[in-house]
Amino acid sequence: MNTEQVSVLYFAKSAELTGLKAENITVPSNISSLRLWQHLETRHPRLSVLRDQVVLAVRQEYVPLGEQPLTLRDGDEVAVIPPLSGG
Amino acid sequence: MDDTVLSLKTQLLEKESEIVALKKKLAQLEKGNSVLTELQEKVINLPPLKSNTALNNEDIMRYSRQLLLPELGVKGQVAISNVSVLVVGCGGLGCPVAQYLAAAGVGRLGLLDYDVVELSNLHRQVLHTELTQGQPKALSAAQAISRLNSRVQCVPYHLQLSRENALQLIQQYDIVADCSDNVPTRYLVNDACVLTGRPLVSASALRMEGQLTVYNCRGGPCYRCLYPAPPPPETITNCSDGGVLGVVPGIMGCLQALEVLKIASGQGSSFEKQLLMFDGQEGRFRSIRLRPKQAECAVCGETPTVTELQDYEQFCGSAATDKCRRLNLLTKEQRVSVQEYKAILDSSAPHLLLDVRPKVEVDICHLPISINIPLSSLENKKTEHLTLLKDTVSDLKQQMSIKSQVPVFVVCKLGNDSQKAVQLLEKMSGEEVDQIAVKDVVGGLMAWANKIDPSFPQY
Ligand SMILES: [Zn+2]
């Protein structure tokens, strides 16, 4: 199974819950978006509260959480974006 | 004698210039008021906006610098003057939105806000002033706007947007800017825009980050397409507890105004299928490509289940305000009032006062005898903080003559986090630390400032 190193960016509440703004992680190159999210939840269990609201973006494009496979490449950017509501 | 005369003359001059300044201010306010539609406490049906087909000489001079843009031109400017925009929320986002839309010459500007101006608003809500503290924000903003451009029809609404009034209000406007500060209002505005077919230019900001998307516009998604389920209330951070650097909503509000003007002048928005994110700390913008509107969306989909407005506070499980909620997690026996705690403090009885706020808040103000262990450290069982707690408790235990439980009082800003901390500490008592008797101080340090020590800072 091929693996790739991707860069995960955490925004808003996800940065608060993980204590990180960014990290590099190694994941299988063929992985579903749901598995990718579960992988992040395993690393940071507190992220689970965001599951139903989070916008997950791969290479700056929205991906719905589900079974559809992603093809990740080395250096890809994954962004975890919970909504902000303040103003 | 000469000195006295001189001093009196100086004082007189100062007073005279104060009078001149006051008269000028009064004249400005009166001028502002004269062109305002009066403050609306409920939604009424406005007469339709008078349609312009050309610009007069004053318009040409006033808007000359933007008329020179080929993207806008006379046609675009005339279109802008025929557009009405509803600004929902006259806070950190709404102020710059209203300001730039008025400056650019929109026909009618609805300004909606239920709150009044407070001192802690002024760092970001730049239309309000020290002089308008205590006034409805909608009125304060409308006065500022009418001083800027008296040709804009400004309608201030001092009311809470609700399922009863939202459709009637929103259908009277062409474009809606969501500048609100809470989740229930965001769903309400979204659904009302979908049901009335209005484009929704939506932005939000917190701390040093901002987001912007245009919803329900030319095949793009609505807010529910992106966020079908509301966030659990406990995961929402608002500006009054998370903080916000004033210029960040300023930047997002300016971008909102830009998108409104592009839509109004027929150029179309760049963010109909994009989520723009601004990270002020990194100084970086990122744009995430979104999917088009979703066939299964509950409100804008093919078989919608939301066909009329709902109870959004119930749907979201939180109130339509950015004020902090009051939690009630503890029994009466687990709590003391600030008066009771003051008596304990005065009696010099051995006890521990534990302040569970984040360090950044403790730096603003704290009670000298307290030790600081943030709630998050208790939740994550942070080793250095657990050691500090354990050592402090066992030192106290040695000082106490009788072998009873060490009294621990927990305090935070308003008395919510302190209750969560009491629950955590009770589980730790006799395990990670010696036996302790834990209580929280009701109302926290703000109650202390209000009822015990008026010199204690409030924030
Ligand atoms: Zn939708």
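The values are calculated or read from the model by the stated rules, or taken from the named source; none is laboratory data. A quick note: this is a predicted structure, and the numbers were derived from the prediction, not measured. No Cβ is skipped: glycine too gets one built from the backbone with ideal geometry, and neighbour counts run over all protein chains shown.
Out of the residues in the range B:98-118 that are among the aliphatic types (A, V, I, L, M) and surrounded by fewer than 21 Cβ atoms within 10 Å (Cβ to Cβ), state the one that is nearest to the chain's Cα centre (by Cα).
Ranking the candidates gives B:V116 first.
Hey, among the residues in the range B:321-343 that are crowded, with 19+ Cβ neighbours inside 10 Å and at pLDDT below 95, which one's farthest from B:S180 (Cα to Cα)?
My answer is B:L330.
Pull out all pairs, ordered by first then second residue, where Cβ-Cβ is under 7 Å, the residues are six or more apart or on different chains, the first lies in the range B:83-97 and is assigned by the TED database to the domain that holds B:E118, and the second is at pLDDT 95 or above and of a type in the set (K, R).
B:S84/B:R108; B:C90/B:K137; B:G92/B:R124
Please work out which residue is surrounded by the fewest Cβ atoms within 10 Å (Cβ to Cβ), limiting yourself to the range B:267-282 and to residues that are among the charged types (D, E, K, R) and more than 16 Å from the ligand (Cβ to nearest atom).
Applying the filter and picking the extreme gives B:E282.
Criterion first (within 16 Å of the ligand (Cβ to nearest atom) and either of a type in the set (S, T, N, Q) or assigned by the TED database to the domain that holds B:V260 (or both)) does B:D174 satisfy it?
The answer is no for B:D174.
Give the number of residues within the range B:344-360 that are surrounded by 11 or more Cβ atoms within 10 Å (Cβ to Cβ), in contact (Cβ under 8 Å) with a residue 40 or more places away in the chain and part of a loop (DSSP other than H, G, I, E, B).
Residues that pass the stated criteria total 4.
Assess whether A:S7 counts as being part of a strand (DSSP E or B) and either more than 14 Å from chain B (Cβ to nearest Cβ) or touching a residue at least 60 places away in the same chain (Cβ under 8 Å) (or both).
Yes; evaluated as a whole, the condition is true for this residue.
Return the total of residues in the range B:238-254 being within 9 Å of chain A (Cβ to nearest Cβ) and either at pLDDT 95 or above or surrounded by 21 or more Cβ atoms within 10 Å (Cβ to Cβ) (or both).
Qualifying residue count, the range B:238-254: 6.
Taking the range A:30-60 on its own, how many of its residues are acidic (D, E) and within 14 Å of chain B (Cβ to nearest Cβ)? Break it down stepwise before answering.
Of all residues in the range A:30-60, those acidic (D, E) come to A:41, A:52.
Within this subset, residues satisfying the condition of being within 14 Å of chain B (Cβ to nearest Cβ) are A:52.
Count: 1.
Looking only at the range A:10-24, which residues are farther than 20 Å from A:G66 by Cβ and either outside any strand (DSSP E or B) or within 14 Å of chain B (Cβ to nearest Cβ) (or both)?
Matches in the range A:10-24: A:Y10, A:F11, A:A12, A:K13, A:A15, A:E16, A:L17, A:T18, A:G19, A:L20, A:K21, A:A22.
In the range B:197-227, what residues are touching a Cys at 6+ places or on another chain (Cβ under 7 Å) and farther than 23 Å from B:C95 by Cβ?
B:N216, B:C222, B:R224, B:C225
For residues that are of a type in the set (V, I, T) and closer than 14 Å to B:Q274 by Cβ, scanning just the range B:196-228, find the one that is farthest from the ligand (Cβ to nearest atom).
The residue in question is B:V201.
Those residues that are at the interface with chain A (Cβ under 7 Å from one of its Cβ atoms) and closer than 20 Å to B:Q294 by Cβ, I need them from the range B:176-212; list them, please.
Matches in the range B:176-212: B:V183, B:R186, B:Q211.
Identify, please: which residue in the range B:283-307 is more than 10 Å from the ligand (Cβ to nearest atom) and free of Cβ contacts under 8 Å to residues at least 12 places away in the same chain and is, among those, farthest from the other protein chains (Cβ to nearest Cβ)?
B:T303
Could you please find all residues in the range A:61-77 being part of a strand (DSSP E or B) and either more than 10 Å from every other protein chain (Cβ to nearest Cβ) or buried (at least 23 other Cβ atoms within 10 Å of the Cβ) (or both)? Spell out the reasoning first.
Residues of the range A:61-77 part of a strand (DSSP E or B): A:61-63, A:69-71, A:77.
Those that are part of a strand (DSSP E or B) and either more than 10 Å from every other protein chain (Cβ to nearest Cβ) or buried (at least 23 other Cβ atoms within 10 Å of the Cβ) (or both): A:P69, A:L70, A:T71.
Name the residues in the range B:308-320 that are farther than 20 Å from A:G87 by Cα and either within 16 Å of the ligand (Cβ to nearest atom) or surrounded by 14 or more Cβ atoms within 10 Å (Cβ to Cβ) (or both), would you?
Those that are farther than 20 Å from A:G87 by Cα and either within 16 Å of the ligand (Cβ to nearest atom) or surrounded by 14 or more Cβ atoms within 10 Å (Cβ to Cβ) (or both): B:E308, B:L309, B:Q310, B:F315.
Under 12 Å from the mean Cα position of the chain (by Cα), in a strand (DSSP E or B), away from chain B (no Cβ under 14 Å) and crowded, with 19+ Cβ neighbours inside 10 Å: which single residue out of A:V27, A:V80 fits that description? Steps first, please.
Numbers: A:V80 fails: away from chain B (no Cβ under 14 Å).
Answer to the check: A:V27.
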